[in-house]
Structures are given as C-alpha cells and as structure tokens.
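Please read the structure below before turning to the comments.
The values are calculated or read from the model by the stated rules, or taken from the named source; none is laboratory data. Please read all numbers here as calculations on a predicted model, not as lab measurements. Heads up, the Cβs are rebuilt from the backbone with ideal geometry, glycines too, and the neighbour counts pull from every protein chain shown. For accessibility, only protein heavy atoms count, side chains too; no ligands or nucleic acids. Shrake-Rupley method; radii C 1.70, N 1.55, O 1.52, S 1.80 Å.
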Amino acid sequence: MGRPDNVSIYILGHTGVTNEDGMLYAAFLNQFANALHGHGLELSVDYFSNLAIWNLDVMNMSSTDTFISMDTYVQDNATMEAYTAIALAHLDPRRLGVGICPQV
C-alpha cells in the first residue's frame, strides 16, 4: 500500500461524548479506510484512550491500518508503560504505533 493518511481529531469540550459516538466514529474510520484502500492508500489514526469517542475495541475491528497512541505523551516511563499496556489489551499490536512528544 501507499503512504498512510492520518486522522488526528482533538475533541474540545468532552461533555456529551457517548459510547454510541465512539461506535459511529469507528464506523466512519472503517468506511474511510476502505475508500483509501481502493486508491492504494492507508489510514493511520491518532487517539487518546480517555474518551468514549476513541472506543479502542470497536476501532480495532475497523480496516484502519495503524493506530498511534497519544496516551504516551507523558513525562515518565511508568505512565508510558501503563498506557502502552492499555493499547495492547485492546488493539492489534501489528497495527499499533506509539506517539512520542518530547517534554521540554
């Protein structure tokens, strides 16, 4: 496949985001990934696991090629390891990427 196209959505005002929204978002990702695949492209998605919109179990069932964890934008190894364990419990490790945000 070709280079990945990336979806990185930042949810502002988390009030009212539901599990149903997460299921609808995963359905959107699946439809978008399938459309990209038809053109030889891939889809990667950035996520935080702390909101219902990023329902990792349902997202894992989509055709998304890569999931990039932004949970790992932390200052210490123990927290990074804990969030990596969450990702590994819900996502196919062959499709998992780890985001790194240098702390200054």
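Taking the stated definitions as given, is Phe32 open to solvent by 50 Å² or more (accessible area, probe 1.4 Å), closer than 25 Å to Gly16 by Cβ, free of Cβ contacts under 8 Å to residues at least 60 places away in the same chain and in contact with a Leu (Cβ under 7 Å, 6 or more places away or on another chain)? Spelling it out, Phe32 is indeed open to solvent by 50 Å² or more (accessible area, probe 1.4 Å), closer than 25 Å to Gly16 by Cβ, free of Cβ contacts under 8 Å to residues at least 60 places away in the same chain and in contact with a Leu (Cβ under 7 Å, 6 or more places away or on another chain). Any idea which of Asp71, Asp76, Asp57 is more than 20 Å from Val17 (Cβ to Cβ) and either touching a His at 6+ places or on another chain (Cβ under 9 Å) or not polar (S, T, N, Q) (or both)? Selected residue: Asp76, the only one of Asp71, Asp76, Asp57 that is more than 20 Å from Val17 (Cβ to Cβ) and either touching a His at 6+ places or on another chain (Cβ under 9 Å) or not polar (S, T, N, Q) (or both).
Here is the figure for segment 82-101: residues that are part of a helix (DSSP H, G or I), touching a residue at least 24 places away in the same chain (Cβ under 8 Å) and open to solvent by 50 Å² or more (accessible area, probe 1.4 Å) total 3. I'd like to know if segment 25-46 contains one or more residues that are part of a helix (DSSP H, G or I), touching a Phe, Trp or Tyr at 6+ places or on another chain (Cβ under 9 Å) and not small (Gly, Ala, Ser). The answer is yes; a qualifying residue exists. Taking residues in segment 51-65 that are within 10 Å of Asn30 (Cα to Cα), and partners anywhere that are among the polar types (S, T, N, Q) and open to solvent by 40 Å² or more (accessible area, probe 1.4 Å), the pairs with Cβ atoms closer than 6 Å and at least 6 places apart or on different chains are Ser62/Asn30; Ser63/Asn30; Ser63/Asn34.
Comparison of Thr72, Thr64 shows that the only residue that is within 18 Å of Phe32 (Cβ to Cβ), in a loop (DSSP other than H, G, I, E, B) and of a type outside the set (D, E, K, R) is Thr64.
Considering only segment 35-70, state which residues are in contact with a Pro (Cβ under 8 Å, 6 or more places away or on another chain) and either open to solvent by 60 Å² or more (accessible area, probe 1.4 Å) or of a type in the set (S, T, N, Q) (or both). Those that are in contact with a Pro (Cβ under 8 Å, 6 or more places away or on another chain) and either open to solvent by 60 Å² or more (accessible area, probe 1.4 Å) or of a type in the set (S, T, N, Q) (or both): Ser44, Thr66. Quick one: in segment 8-29, of everything that is modelled with pLDDT of 85 or more and over 20 Å from Phe67 (Cβ atoms), which residue is least open to solvent (accessible area, probe 1.4 Å)? Of everything passing the filter in segment 8-29, Thr18 is least open to solvent (accessible area, probe 1.4 Å).
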